[in-house]
Amino acid sequence: MSAVHACNLTLGASLRGVSFDLPLGSCTAVLGPNGAGKSTLMGLLAGVLAADAGSVSCLGPISYLPEGMPLDAGLRVRDALAVVRRLPGWEPRVADPLLTAFDLPLPRRMDALSQGQRVRLGVALTLGRRARTYLLDDPFLGLDPMVQVHVERAIADRAAASTVVLACQHAAAAERLCDHLLLLRGNGLQWCAPVDAWRERFRRIRIRGAVDAVHGLGELALHVERRGTTLEALLDDPACVAEARLRIAGAVVEPLPLPLDELLMAVAA
Amino acid sequence: MAEHGTLLTFPSARSARAADPDALRSEAPLEVRVSPPEFAPISGLQSLRLGAELALLSRWQFMLAMVLSSLLALPGLLGAQAWAQQSAQGVIGLLVCSFGVIRGIDGRSRDRKFWAGLGAAPASFELGVVLVDLLFMTVVTGVAWVLSPGDPIFLLLGGGAAAAGYGMGSATRSAARSEAGRAGLLIAMLIVAAGCALVAFLASYGNFITGVMMQFGFMAAAGLGARVLLSGLSPESSAGRGRQRWTWLTCAGAGMLVVPLQFAQGVPESTTTLHKEEVLLFPDRDPFAGKQLWRTTEGGGVERLGVRGMIGVAGWGPHRSMMIHRTSLPRMVGILLKADDAGQAQRLMVGGLASRLGLITANGQHLECDEALLVGDTRFDADGMGAVHVLSTGEVWRLDGDGCREISLEEAP
């Protein structure tokens with residue numbers, strides 16, 4: 001069963017022909033360069049933007065954190081909290097620890113908050129409500145590392161019982177939290193798959209011994225870099241053919257960790 | 001669906017060959033861990049209340065200052081001079097009008113997507129905001145009105161302009177993202193609206209204030225209706241992200257609605273007695289009447305005369321014939337009618353006021369001179385089918401079935 005379904009979503013030049021399904025209970029990271037259409041996609045999923053073409057469905061109720069948490073500049077933090085607390089679905093069990101950790105200046109107006117403080121408030125208001133689907137557009141924007149840990153924990157807590165879609169530039173955080181990746185590029189969808197699928201297709205290895213055998217790999221090797229007497233290679237090799245060939249040629253192959261951000265950078269390059 | 005082969009800037013031939021596009025896609029759903037939430041979604045009424053509450057919470061200081069400013073009218077209650085009362089009303093009217101325009105084009109509306117994203121119904125939310133703003137403008141105008149013992153004309157115009165500015169400013173929200181862009185559009189709307197007003201006033205209402213207020217009302221209703229409707233379709237339209245860019249023109253043109261509406265109006269109630277059994281029905285005394293001139297018939301019914309426009313003065317002769325002067329200056333209408341009320345109807349002099357001379361003959365035919373003529377002495381024919389008009393300059397004009405022409409005094413019947 002799909003929690004989020006998009007079919008041929010198009011909105012001006014921001015997003016063109018995007019289709020995907022996200023399973024119920026998944027935690028998906030929406031990644032892509034600036035201007036790729038991440039926020040537009042999140043707005044379309046949340047229903048706050050109307051698509052030019054295509055359809056979208058999202059299992060509700062949803063809780064949506066817009067990018068930068070643009071609340072009315074004259075609104076005070078305590079008033080915003082008071083209003084949201086009265087809405088159906090508010091869960092003090094989740095929200096109160098977050099608010100304590102975030103240490104928000106309650107008497108201040110929105111226009112007196114820093115970007116990070118606004119995002120903290122937004123995260124507390126969004127994750128403090130129970131929903132079937134959480135749509136979080138850049139929930140780490142402007143956060144310091146200590147607070148980001150709290151936010152990641154809160155997202156993980158919600159992801160345990162709900163569907164979460166997370167648009168961000170923090171590939172490392174996305175890797176820690178998410179089981180699906182959705183990559184946007186050039187205002188279209190390039191990839192939507194479980195993280196495991198990335199892991200199966202792309203690997204990073206260290207090669208010792210018969211390093212020249214790497215030249216026989218052809219297009220299986222996306223990137224090769226010499227480190228002293230060894231080589232490090234990024235492989236696009238879902239069938240594990242390359243490693244077998246290297247071993248046959250007498251090379252010693254050692255798998256290396258491949259963080260998502262490095263993989264994205266290598267792929268983008 | 002995504003083609004994973006296009007992931008790379010230089011896709012490997014192997015991966016392209018091996019590529020069953022869905023091979024890497026997990027079609028099997030993950031373990032379902034989701035339990036349905038046990039709460040009702042946010043209702044329309046809750047959304048409306050939410051919008052109203054947030055509008056109040058985020059602007060209560062500004063609103064309080066505006067309400068206090070309405071106390072500027074207090075000296076009027078304490079017996080201040082008329083000019084002081086009018087000045088205070090003018091200032092308050094300008095303040096309310098400014099508030100309406102500023103709130104209309106207010107660009108701090110991107111918060112709508114947060115509230116809509118939490119489940120609030122966008123149209124109801126927007127309606128709540130609009131109601132608070134309108135209520136506030138009404139309170140400020142109302143307080144000043146209560147405190148003003150004199151003619152509240154400036155308050156009336158200020159309040160109406162505030163509502164219209166608010167409505168039209170609201171209509172610009174779907175078309176421009178920045179306040180500067182919205183302000184530019186608002187100016188364009190005002191130009192369109194002014195054109196509509198010109199048409200409306202030329203074609204419809206005898207009473208200037210009524211015409212303006214009705215036009216304000218239509219534009220406010222159109223703009224606010226568009227704002228609520230568009231926010232329902234796309235909450236981001238409040239932040240200029242909608243694509244309904246021509247809505248503003250429609251709203252600006254809404255002022256034109258006053259033109260056809262006049263035909264729905266009935267016979268005016270304001271009357272001037274001509275003879276014992278004849279009554280002239282003056283539209284300019286009835287704020288909601290059109291520009292048509294009416295008179296009672298001998299049988300007791302009403303007759304719509306074949307003439308439109310501002311009726312500045314009327315003189316009547318035998319056989320129910322009638323000389324009329326039309327003027328484009330609405331304020332003159334009042335002055336002349338006062339003169340009429342004072343019993344000077346047969347001889348009315350209006351120095352320097354050019355007007356169009358017309359005659360309604362005994363059989364109801366309407367004749368009119370093309371030239372602009374001053375009001376002068378009128379002598380009606382005995383049969384009521386023509387008249388001679390003598391100006392103070394000595395010119396003599398004849399109006400009858402042959403038209404309107406200048407004649408010599410000797411030629412006059």
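Values quoted throughout were computed directly from the atomic coordinates according to the rules given, and no laboratory measurement underlies them. If you're wondering where the values come from, they're calculated on a predicted model, not measured in any experiment. Neighbour counts run over all protein chains shown; Cβ positions are idealised from the backbone, glycine included.
Some notes on this structure:
- Partner chain coverage, peptide A:62-72 - average Cβ within 10 angstrom: 6
- Amide H contacts under 5 Å for A:TYR64: A:LEU135, B:LEU118, restricted to partners 5 or more places along the chain or on a different chain, H placed in the peptide plane at 1.01 Å from N.
- Calculated P(r) tail over 29 Å for chain A, as whole % of Cα pairs: 41
- Stokes-Einstein, applied to the Kirkwood radius of the range A:53-134 over Cα pairs at a viscosity of 1.002 mPa s and 20 °C, places its translational diffusion at 161 µm² s⁻¹.
- The listed peptides A:8-19, A:179-190, B:60-71, ordered by packing as a protection proxy, come out as A:179-190, A:8-19, B:60-71 (highest mean of other Cβ atoms within 10 Å first).
- Directionally averaged projected area (convex hull, Cα atoms, the range B:83-203), nm²: 9.1
- Relative exposure of B:TYR166, A:TYR134, judged by other C-beta atoms within 10 Å (fewest first): A:TYR134, B:TYR166
- Per residue convex hull volume, Cα atoms of the range A:1-152, in Å³: 120
- Over all directions, the projected convex hull of the C-alpha atoms in the range A:69-194 averages 8.2 nm² in area.
- Calculated from backbone phi, Karplus (6.51, -1.76, 1.60) coupling profile of the range A:49-66 in Hz, x at Gly/Pro: 10, 9, 6, 6, 8, x, 9, 8, 9, 9, 5, x, x, 10, 10, 10, 9, x
- Under the combined filter of DSSP loop state and at most 16 neighbouring Cβ atoms within 10 Å, the range B:147-192 retains these trypsin sites (Lys or Arg not before Pro): B:ARG177.
- Cut-off under 5 Å, modelled amide H: who pairs with A:HIS223 long-range: A:LEU234
- Taking amide H positions as modeled 1.01 Å from N, with prolines and chain starts lacking one, the residues under 5 Å from A:LEU31 and 5 or more places away or on another chain are A:LEU182, A:LEU183, A:LEU184.
- Cα-based radius of gyration for the range B:133-177, normalised by 2.2 N^0.38 Å, reads 1.39.
- Each listed q (0.17, 0.27 Å⁻¹) maps to a log10 I(q)/I(0) for the range A:1-41 from the Debye sum over equal C-alpha point scatterers, namely -0.50, -1.01.
- Estimated vicinal HN-Hα couplings, Hz - the range A:159-172 in sequence order (Karplus 6.51, -1.76, 1.60; Gly, Pro = x): 5, 5, 10, 9, 8, 10, 10, 10, 9, 7, 9, 8, 5, 5
- If you look at the Cα atoms of the range A:201-269, you get an Rg and a Dmax of 11.1, 31 Å.
- In order through the range A:201-206: 3J(HN,Hα) via Karplus (6.51 cos²θ - 1.76 cosθ + 1.60), integer Hz, x for Gly, Pro: 7, 10, 9, 10, 10, 10
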